[in-house]
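Taken together, the values in this text are just the output of simple stated rules run on the coordinates, not laboratory data. For clarity, every value in this text was computed on a predicted model and none was experimentally measured. We place every Cβ from the backbone using ideal geometry, glycine too, and count neighbours over all the protein chains shown.
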Amino acid sequence: MTAPFKTRKAVLTSAGASDAGRVPLLGSDGKLHSSFMASSVQIQRGTAAVAASGAKTASKTVTFASPFAAAPTVVLTCGNANVAGVVPKAMATSVGTNGFTVSLSTLTGGTSADDFPQSNIDAQINVHWIAAG
């Protein structure tokens, strides 16, 4: 069986050849589609230290070191848990060209766990993020 396309190595920051720095995009249909130039994508990353709130929610505003031309896609993950070992949900809200808000929550949506005091955000939560756009 032959592969539907050839694989090859590419250096994303290289210049010269017409396809240097291009990355293939795999569509939701499973087919290989177009590509984009990596040099046109701005990427920033960091860690936001969200202070303990003593409640089920907490937040912190993050300002990008360099503004994006348009609101980027932000992906984040919690680097640690609270004192009781509960890892809150982390969401990027109010995403704009200059920054976003890290919103943490241990709320479950009405289950008995919402009354559990050990699920309060009682420790600093370090949230690692990456933004691309």
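Can you tell me which residues in the range 67-82 are of a type in the set (A, V, I, L, M) and closer than 13 Å to residue 126 by Cα?
The answer is 76, 81.
Give the range 105-124 a look and list any residue that's outside any strand (DSSP E or B) and touching a residue at least 24 places away in the same chain (Cβ under 8 Å), or say none. I'd like the intermediate steps shown before the answer.
First pass over the range 105-124, keeping only residues outside any strand (DSSP E or B): 106-124.
Within the range 105-124, 106, 107, 114, 118, 119, 120, 121, 122, 123, 124 meet the criteria.
Does residue 65 meet the test of being in contact with a Ser or Thr (Cβ under 9 Å, 6 or more places away or on another chain) and either basic (Lys, Arg) or closer than 30 Å to residue 41 by Cβ (or both)?
So residue 65 does not fit the description; no.
Have a look at 75, 102, 127 and point out the one that is surrounded by fewer than 14 Cβ atoms within 10 Å (Cβ to Cβ), under 19 Å from the mean Cα position of the chain (by Cα) and not in a loop (DSSP other than H, G, I, E, B).
75
Looking for something part of a strand (DSSP E or B), charged (D, E, K, R), touching a residue at least 24 places away in the same chain (Cβ under 8 Å) and loosely packed, with under 14 Cβ neighbours inside 10 Å - is there at least one such residue anywhere in the range 45-55?
Among the residues of the range 45-55, at least one is part of a strand (DSSP E or B), charged (D, E, K, R), touching a residue at least 24 places away in the same chain (Cβ under 8 Å) and loosely packed, with under 14 Cβ neighbours inside 10 Å, which makes the answer yes.
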